[in-house]
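For reference, the structure discussed in these notes is given below.
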Amino acid sequence: MEGGLMMALCLITILFTIFTLFKLFLQWKNQSSCYMLAYQCYKPTDPTRTLNTDSCVKIVLRNKNLGLEEYRFLLKTIVSSGIGEHTYAPKNVLEGHEENPTLSEAVAEMDDIIFDTLDKLFAKTLVSPSDIKILVVSVSLFSPSPCLTSRIVNRYKMREDIKAFNLSGMGCSASIVAIDLVNNLFKCYDNSYAIVVATESMGPNWYVGKEKQMVLSNCLFRSGGCSMLFTNKRELKHQAMLKLKCLVRSHLGANDEAYQCCIQVEDDRGYRGFRLTKNLPKAASKIFAMNLRVLVPKILPLRELLRYVIANSFVQKNKPPKGAAMGSGGGGLRQGPITGLNLKTGVDHFCIHPGGRAVIDSVGKSLGLNAYDLEPARMALHRFGNTSSAGFWYVFGYMEAKKRLKKGERLLMISFGAGFKCNNCAWEVMRDLEDENVWKDCIDSYPPQSLTNPFMEKYSWIYDESLNFIRNKDFNFIKDN
C-alpha cells in the first residue's frame, strides 16, 4: 500500500516536472525578440548647411546681447568642445532667422530629416510602409498638431491599425526609450515591423540670450537624426544587424537637483533655451551608478561576477578604519559600483552618446576604457556634433564603417537625458557589418591627427587685455563696423 502511494507521488512529481519544463520551453519558444534590420542616419547634401568656423562666428556676432565676457566664454567652450568644422546647423539659423523662427520653418526642418531618412530606409530594405505595424517618433522640443507620427502616416499612406506613438521631452536618451517601447509592444504583436525615428528640433530652440549655462547648448548641439527598422520575425534574424539582449532605464527625476540640471527654461529677459547647470556631472555620476548596478549582472559572465565578489570581500576585509584619510575625486562621473569589474569580459564595443568631450572622457574613465574604445564617440562628436537622441547611431555608424563589428560580438549603448535619465542597452551583433553609411566620404580621414579646431588660431585676439576697457555697447559698435 505504502509502495503504491510512493510510486503515485513519484509519478505525479515526474509529470509535474515534465509539465513545468514543457511550459518553460513554450515560453522560451514564444518569447519575443527584437532585431534591428537597418538604420539610416541623416546627412544634408546642401553644402551651405555646414557650420564651420566662419559661419559659426557670423551667428555669434548677430547676437546683440553678447559682450566681451560672453565671447571669451564661447571661444573657450568651442575650442575645448571636441567639435570639428563639418557639423550641420538648421537652415533658419544659417539664414539669420534664429531670433524669430516660424512654425513653417520648424515643420520643414523635421520633414527634411524624417522623410530623408525614411525614404532611404525603405529603399534600402525594400520593406513597404504599409507593412509597418508600430511607429515611434521621438523629438523632445517640438510637438505640433497633428503630431509628427501623423505626418509620416499621411506621407507614406500607412495602414489604419498602425500603433503610432509620439514621444517628447525625453532628451538625448530618447531613442533607447523608443526602442524599449517597441520591445514591449513586440510581446503583444507577433510577426511585426516597427519604425523608430529619433531627431531633435534645433531651429526654433536656438538660444539668443547671454546666460552662460544656456548658451552652452548652441556650442554642442547640431542637426542630425536617424530612422531605424525593427522586427520580431524570427525568420529574419539572419538578415538582422543587431539583436537586443537587455535594456535598463533609470530615472532620477525625484531629486530636485537632478531634475533641474538639464532643463528648458526662459532666462531673465524672456529668451527661451536649454540650461545645463553645474549639478549635471553629479547627477550623471549618481544615476550611472544606479543603472550599472542593475545592468552589470545582466551582461557580465558568472565567472567575472564571482571574481569580483571574492576580490571585493578581500578589499572590504582590509579596508582602512572609518575616518582614515581618503583621496578626493574631481568633476565628471566618479568611480561607481563597477570599480574592479572588467566590463570587457561581457562587452566588446562601447557606444557612448557623444554629448560632449567631458561626457565621453568621464564615462571612459569611470569604466576603465582606453583610447580605442572611446574613438568612435570622439569621432562622431567631431564630425557631427551632439545630435541629441540620434547621437550614438552616428557612433555606431563609425564602428560599422571601420569594420569593427563582427558576428557574435557584444555592444553596449550608454546614454543620458533630461529628467534626469540614464538609459543603457546591450546588443548582439548578428553578422559582420561593413557598410560605410554616412561616413562614406570621410571615414578614411578618421581619426585625424588632431581634433583641434581653428577657432583659437583665428580669434585668440579676443583675449587681448586692451579690450577689457571697452564697454559692451562700444564693443558691439566695433564688431558691427
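Of the residues making up region 32-50, those that are assigned to a loop (DSSP other than H, G, I, E, B), surrounded by fewer than 21 Cβ atoms within 10 Å (Cβ to Cβ) and touching a Phe, Trp or Tyr at 6+ places or on another chain (Cβ under 7 Å) are 32, 44. Here is a check on your reading of the model: is residue 233 in contact with an Asp or Glu (Cβ under 8 Å, 6 or more places away or on another chain), surrounded by fewer than 19 Cβ atoms within 10 Å (Cβ to Cβ), modelled with pLDDT of 90 or more and more than 22 Å from residue 140 (Cβ to Cβ)? No: the conditions fail for residue 233. Only one of the listed residues (421, 407) is loosely packed, with under 14 Cβ neighbours inside 10 Å and either in contact with a helix residue (DSSP H, G or I) (Cβ under 6 Å, 6 or more places away or on another chain) or modelled with pLDDT of 95 or more (or both). That residue is 407.
With the condition kept exactly as written, say whether any residue in region 85-107 is over 30 Å from residue 61 (Cβ atoms), in contact with a Pro (Cβ under 8 Å, 6 or more places away or on another chain), modelled with pLDDT of 95 or more and buried (at least 16 other Cβ atoms within 10 Å of the Cβ). Can you show your working first?
Quick first cut of region 85-107, residues over 30 Å from residue 61 (Cβ atoms) only: none.
Within region 85-107, none of the residues are over 30 Å from residue 61 (Cβ atoms), in contact with a Pro (Cβ under 8 Å, 6 or more places away or on another chain), modelled with pLDDT of 95 or more and buried (at least 16 other Cβ atoms within 10 Å of the Cβ).
Please verify whether region 360-367 includes one or more residues that are assigned to a loop (DSSP other than H, G, I, E, B), touching a strand residue (DSSP E or B) at 6+ places or on another chain (Cβ under 8 Å), modelled with pLDDT of 85 or more and open to solvent by less than 80 Å² (accessible area, probe 1.4 Å). Among the residues of region 360-367, not one is assigned to a loop (DSSP other than H, G, I, E, B), touching a strand residue (DSSP E or B) at 6+ places or on another chain (Cβ under 8 Å), modelled with pLDDT of 85 or more and open to solvent by less than 80 Å² (accessible area, probe 1.4 Å), which makes the answer no.
Output the residues belonging to region 290-314 that are within 27 Å of the chain's Cα centre (by Cα) and surrounded by fewer than 19 Cβ atoms within 10 Å (Cβ to Cβ).
Quick first cut of region 290-314, residues within 27 Å of the chain's Cα centre (by Cα) only: 290-301.
Within region 290-314, 290, 293, 294, 297, 298, 301 meet the criteria.
If you check residue 249 against the conditions, is it of a type outside the set (A, V, I, L, M, F, W, C) and farther than 30 Å from residue 206 by Cβ? Spelling it out, it is not the case that residue 249 is of a type outside the set (A, V, I, L, M, F, W, C) and farther than 30 Å from residue 206 by Cβ. Scanning region 261-274 for residues that are within 21 Å of residue 168 (Cβ to Cβ) and either open to solvent by 60 Å² or more (accessible area, probe 1.4 Å) or in a helix (DSSP H, G or I) (or both) returns 264, 266, 272.
Looking only at region 300-342, residues that are within 25 Å of residue 415 (Cα to Cα), touching a Ser or Thr at 6+ places or on another chain (Cβ under 9 Å) and at pLDDT 75 or above come to 3 in all. Scanning region 116-151 for residues being in contact (Cβ under 8 Å) with a residue 60 or more places away in the chain and either assigned to a helix (DSSP H, G or I) or open to solvent by 40 Å² or more (accessible area, probe 1.4 Å) (or both) gives a total of 10. Listed by first and then second residue, the pairs linking a residue in region 396-417 that is free of Cβ contacts under 8 Å to residues at least 24 places away in the same chain and part of a loop (DSSP other than H, G, I, E, B) to a residue that is of a type outside the set (Lys, Arg) and crowded, with 18+ Cβ neighbours inside 10 Å, with Cβ atoms under 7 Å apart and 6 or more places separating them unless they lie on different chains, are 408/429. Filtered by the rule that a residue be open to solvent by less than 40 Å² (accessible area, probe 1.4 Å) and touching an Asp or Glu at 6+ places or on another chain (Cβ under 7 Å), region 275-289 gives a lone residue, 283.
Condition first: in contact (Cβ under 8 Å) with a residue 60 or more places away in the chain and either among the hydrophobic types (A, V, I, L, M, F, W, C) or outside any helix (DSSP H, G or I) (or both). Can you find one or more residues in region 152-169 that meet it?
Here is the first cut: in region 152-169, the ones in contact (Cβ under 8 Å) with a residue 60 or more places away in the chain are 169.
Checking the rest, the ones that are also either among the hydrophobic types (A, V, I, L, M, F, W, C) or outside any helix (DSSP H, G or I) (or both) come to 169.
Checked against the condition, which is being in contact (Cβ under 8 Å) with a residue 60 or more places away in the chain and either among the hydrophobic types (A, V, I, L, M, F, W, C) or outside any helix (DSSP H, G or I) (or both), region 152-169 yields at least one hit.
The selection criterion, being closer than 30 Å to residue 261 by Cβ, of a type outside the set (A, V, I, L, M, F, W, C), modelled with pLDDT under 95 and assigned to a helix (DSSP H, G or I), holds for residue 173.
The values are calculated or read from the model by the stated rules, or taken from the named source; none is laboratory data. It should be emphasised that the depicted structure is a prediction, and the values quoted were computed from it without experimental measurement. A quick note on method: Cβ atoms are made from the backbone with ideal geometry, for glycine too, and the neighbour counts reach across all protein chains shown. Each accessible area value is taken on the protein alone, full model and side chains, heavy atoms only, with ligands, DNA and RNA left out. Shrake-Rupley method; radii C 1.70, N 1.55, O 1.52, S 1.80 Å.
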